[in-house]
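Note sheet for the following structure.
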Amino acid sequence: MTSTLFPLTPAGNREVACSWDGDPADVACHGPALLDRLANVRSPLHIVRLPSGTLGLTTRGVIRQDAAGRLPAHGTVPPLYPEWLGNRQFQEAHHTRFGYVIGEMAHAISGPRMVKAAAEAGMLAFLGTAGVVPDRVERMIRDLGDALDPAGRSWGVNLISMPDARDFESAMVTRYLQHGVRRMCASAFRELTSDIVRYACTGLAVTPAGVIRRRHHLFAKVSRIEVARPFMTPPPAAMLDALVRAGALTAAEADLGARLPVAEDVTLEADSAGHTDNRPLAVLLPRVAMLRDELTHRYRFPRPIRLGAAGGLGTPNAVAAAFSLGADYVLTGSVNQVAVEASVSDEAKAMLAAADVTDTAMAPSGDMFELGVRVQVLQRGTLYPARARLLRELYATYDTLDDLPPRRREQIEREIFRAPLEEIWSRTEDFFREQRPAELLRARNDPRHRMALVFRWYLGSSARWPIDGPMDRRADFQLWCGPALGGFNAWAAGSFLEDPRERTVEQIGKNLLEGAAVIVRAQQFRAMGVGVPAAAFAVRPRRLT
């Protein structure tokens with residue numbers, strides 16, 4: 001039964017007769033004509049009741065505040081632009097057109113080309129610096145700054161947690177500050193560090209209007225309540241005091257930092273690619289929103305913390321759902337790995353483009369191997385998940401490489417490493433001697449750590465092979481991938497986005513947002529009693545300018 005909707009007076013207690021003055025032939029209540037009107041999100045739509053009692057939609061005619069028109073009117077729904085999805089304070093804070101972020105992908109898979117393309121499309125993207133040598137990171141930062149800063153386009157870089165190399169993290173933060181990086185995403189952190197606080201508080205100042213202004217915007221990517229909390233509270237006083245004593249912050253910066261949360265943008269990472277706890281977004285986001293509201297009230301923050309949604313966002317329906325949950329912005333990851341601008345080989349992109357929603361698995365993480373942390377990767381077409389799990393099992397069972405049973409050792413040398421373990425250790429020494437020599441000293445004194453570094457050679461190499469594309473290592477490609485990519489591939493099938501050459505980050509992002517706007521608006525009309533067909537929620541990709 002169709003609901004009857006009546007506009008109310010300001011007092012809210014009396015019906016007002018409204019009518020629509022126009023041609024009844026312009027009112028659509030079913031079929032293609034109704035779908036066309038629902039898809040036209042940039043035009044206001046009048047809701048009109050036909051003589052049959054059915055509610056229909058039209059862009060024409062005039063609503064009258066009396067009953068003199070041709071048909072009863074039940075209101076007008078304004079346009080809904082994709083730019084309006086989420087919290088527009090996000091766009092204002094970060095100078096973007098959309099509340100849409102492209103997440104960092106390690107080894108510069110989200111490299112300068114992708115970051116530039118996103119910025120030019122009015123989106124925000126993070127440079128994937130994990131696994132990239134510092135000098136190359138510095139060159140990429142300079143390149144991005146020279147290309148985007150003069151035009152006022154926003155961009156950011158990633159800082160991934162390295163619990164066994166905090167000095168390396170500190171050095172990277174110093175470089176970011178020296179080169180004027182205004183946005184940094186801290187990911188995979190389990191605890192707050194002084195260098196994160198140093199980045200967030202450096203440059204804090206008060207405007208003539210009395211508003212605390214940030215020079216550096218920290219994005220915290222989290223998936224657990226206990227990890228989100230320290231990012232959503234002021235920095236610990238002891239940490240601020242220590243930074244002041246060390247000359248890393250001024251007393252004024254520390255004082256202002258004590259009035260703000262460490263991060264004003266917190267991205268909630270649900271069932272995503274790479275490091276993930278596989279949390280359902282529909283549970284995680286509302287729970288953290290409750291915590292956000294509690295902390296904002298307790299600490300009397302001058303402005304609210306913005307919450308972003310990430311993980312599982314591969315279709316317009318998923319993006320619309322994230323905004324409906326209250327997300328201030330959305331962040332996509334897996335879908336961008338198949339983009340034209342992604343720095344992976346064509347073979348790797350072909351494997352990702354064939355993925356479905358069930359073609360992923362959890363496997364040991366290379367950067368947190370000893371801790372038993374896992375990442376979500378593509379399972380279809382690759383042996384990496386099984387081989388990485390075997391190495392982790394051997395590490396958990398044996399204390400040193402010499403303890404490995406001869407048959408097992410011969411197996412992994414033949415099938416996984418394709419070289420004697422002594423040769424792999426030599427290659428590992430060459431890498432760490434240049435990048436992190438402290439690891440070698442520890443390995444010489446701790447045979448178990450030496451075994452971990454040897455096994456990590458495979459996990460680290462398997463993440464680089466998809467970039468370089470050696471066909472003889474195709475079965476060992478480690479491709480970070482969540483179920484969102486399978487959803488995207490199914491949604492894109494039969495459309496222009498099925499062609500990998502058309503999958504630019506701009507077309508991916510704009511189609512997800514445009515489709516989400518259509519779906520959000522269709523739900524608005526359905527809630528108002530319009531007979532919205534199921535086809536209205538099955539938005540198809542189209543070329544957008």
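The values are calculated or read from the model by the stated rules, or taken from the named source; none is laboratory data. This structure is a prediction, so every number in the text was calculated from the model and none was measured. Positions of Cβ are generated from backbone atoms using ideal geometry, with glycine treated the same way; all protein chains shown enter the neighbour counts.
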Practice problem: Give the residues of segment 216-255 that are of a type in the set (Gly, Ala, Ser) and more than 30 Å from Gly311 (Cβ to Cβ), sorted by residue number. | Solution: Ala237, Ala238, Ala242, Ala246, Gly247, Ala248, Ala251, Ala252, Ala254
Practice problem: State whether one or more residues within segment 506-525 are within 12 Å of Ala39 (Cβ to Cβ), touching a residue at least 40 places away in the same chain (Cβ under 8 Å) and not in a helix (DSSP H, G or I). | Solution: no
Exercise. May I ask you to list pairs of residues, at least six apart or on different chains, whose Cβ atoms are under 7 Å apart, with the first in segment 312-323 being farther than 16 Å from Ala273 by Cα and the second being of a type in the set (Phe, Trp, Tyr) and surrounded by fewer than 24 Cβ atoms within 10 Å (Cβ to Cβ)?
Key: Asn317/Phe537
Practice problem: Of the numbered conditions (1) at pLDDT 95 or above; (2) in a loop (DSSP other than H, G, I, E, B), Asn158 fails exactly one; give the number of that condition. | Solution: (2)
Quiz item: In segment 204-218, is there at least one residue being touching a Ser or Thr at 6+ places or on another chain (Cβ under 7 Å), under 30 Å from Ala282 (Cβ atoms) and either in a loop (DSSP other than H, G, I, E, B) or of a type in the set (Asp, Glu) (or both)?
Solution: no
Quiz item: With Arg407, Arg380, Arg427 as the choices, which residue is over 17 Å from Ala475 (Cβ atoms), of a type in the set (D, E, K, R), touching a residue at least 12 places away in the same chain (Cβ under 8 Å) and not assigned by TED's automatic domain parsing to the domain that holds Ser187?
Solution: Arg427
Quiz prompt | Among residues of segment 452-485, those that are buried (at least 20 other Cβ atoms within 10 Å of the Cβ) and without any contact (Cβ under 8 Å) to a residue 40 or more places away in the chain, counted | solution = 2
Quiz item: Looking at Phe189, Phe219, Phe168, which one is within 23 Å of Ala438 (Cβ to Cβ) and buried (at least 17 other Cβ atoms within 10 Å of the Cβ)?
Solution: Phe189
Practice problem: Determine whether segment 115-128 contains at least one residue that is over 22 Å from the mean Cα position of the chain (by Cα) and either part of a loop (DSSP other than H, G, I, E, B) or at pLDDT 95 or above (or both). | Solution: no
Self-check item: Looking only at segment 326-342, and only at residues there that are assigned to a strand (DSSP E or B) and touching a helix residue (DSSP H, G or I) at 6+ places or on another chain (Cβ under 6 Å), the one that is surrounded by the most Cβ atoms within 10 Å (Cβ to Cβ)
Solution: Tyr329
Quiz item: So which of Asp255, Asp293 ends up being under 26 Å from Val101 (Cβ atoms) and acidic (Asp, Glu)?
Solution: Asp293
Exercise. Determine whether Ala355 is buried (at least 24 other Cβ atoms within 10 Å of the Cβ), in contact with a Lys or Arg (Cβ under 8 Å, 6 or more places away or on another chain) and closer than 30 Å to Arg229 by Cα.
Key: no
Quiz prompt | Unmet requirement for Thr4, which otherwise passes all of (1) on the phi < 0 side of the Ramachandran plot; (2) within 41 Å of the chain's Cα centre (by Cα); (3) modelled with pLDDT of 90 or more | solution = (3)
Quiz item: Within segment 395-404, is even one residue out of contact with any Pro (no Cβ under 8 Å at 6 or more places or on another chain), within 30 Å of Val132 (Cα to Cα), hydroxyl-bearing (Ser, Thr, Tyr) and in the same structural domain as Ser462 (by TED's automatic domain parsing)?
Solution: yes
Exercise. Answer yes if at least one residue in segment 303-326 is in contact with a Pro (Cβ under 6 Å, 6 or more places away or on another chain) and at pLDDT 95 or above, and no otherwise.
Key: yes
Quiz item: Among (1) buried (at least 17 other Cβ atoms within 10 Å of the Cβ); (2) part of a loop (DSSP other than H, G, I, E, B), where does Ala309 come up short?
Solution: (2)
Self-check item: Unique residue being surrounded by 13 or more Cβ atoms within 10 Å (Cβ to Cβ), among the β-branched types (Val, Ile, Thr) and within 12 Å of Pro24 (Cα to Cα) when the list is Val77, Val48
Solution: Val48
Quiz prompt | Residues of segment 185-201 satisfying the condition of being touching a helix residue (DSSP H, G or I) at 6+ places or on another chain (Cβ under 6 Å) and either in contact (Cβ under 8 Å) with a residue 40 or more places away in the chain or hydroxyl-bearing (Ser, Thr, Tyr) (or both) | solution = Ala186, Leu192, Ser194, Val197, Arg198, Tyr199, Cys201
